[in-house]
1. Give, as residue ranges, the helices (runs of 4 or more DSSP H) completely inside segment 1-79 that count at least 1 residues that are crowded, with 24+ Cβ neighbours inside 10 Å, of a type outside the set (V, I, T) and more than 14 Å from the chain's Cα centre (by Cα).
2. Could you check segment 114-159 for helices (runs of 4 or more DSSP H) lying wholly inside it with 1 or more residues that are within 17 Å of the chain's Cα centre (by Cα) and modelled with pLDDT of 75 or more?
3. Conditions: (1) under 18 Å from L42 (Cα atoms); (2) surrounded by fewer than 16 Cβ atoms within 10 Å (Cβ to Cβ); (3) at pLDDT 60 or above. E171 meets all but one. Number of the miss?
Amino acid sequence: MEHAIFEFIKHVYEVLDWPGVVVLMAIESACIPLPSEIIMPLSGWMLIKEQGLGAIHVLWAGFYGALGCLLGSIVAYWVGAWGGRPLLEKYGKYVLISRHDIDRAEQWFHKYGGKAIFFSRLLPVVRTFISLPAGMAKMPFVKFSIYTFLGSFPWCFGLAYGGYLLGEHWERIREVMRPFDIPIAVAIIVLIGIYIYHRIKQVRSERPN
């Protein structure tokens, strides 16, 4: 699993280089489960550290990551604006978006207003779905875009910088961790299976009888 994920992202980065960061983060921010916690650290490692570039380039990683977040969030924003909650409740289940996800994002948005767009970009899960209620509430698009980019930048920068620092000792860490690859892979598969099971169960439980 680890190898497959690395090879996929590595292939994207080899083909697209920095635009690959934009594409992958846009997918993640469009409510499609492709975790930024993997995308951005690997950009710091593969696109900066392995190419012998200095730490200053992590700023570019943050920029491209935030740009991707903005583009993907714009898609989610307009889905919410044009289709509204009925569309999400009808089709969200196909990408494991439950009413609970929508409710949680709506509560954040209505409680904190525009600030929710900025600060939610620093929180896992909420950051992925907050664009939907912003679109449903018809938040001013320019304001939404500015808060989205500014909130996404520190998240993407921090993860990329972590990957940049980790890359310096990557091979040494891999040598130590390699005997644990199979147990770790099994644990990850089990956890993902449990997560998907509960997500499907939650979505099904919300279906009208």
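1. Output list is empty.
2. So the answer is 114-120, 131-136.
3. Failed condition: (3).
The values are calculated or read from the model by the stated rules, or taken from the named source; none is laboratory data. Here the structure is a predicted model, which is why all the values come from computation and not from measurement. Methodologically, a virtual Cβ is constructed for each residue, glycine included, from the backbone with ideal geometry; neighbour enumeration extends over all protein chains shown.
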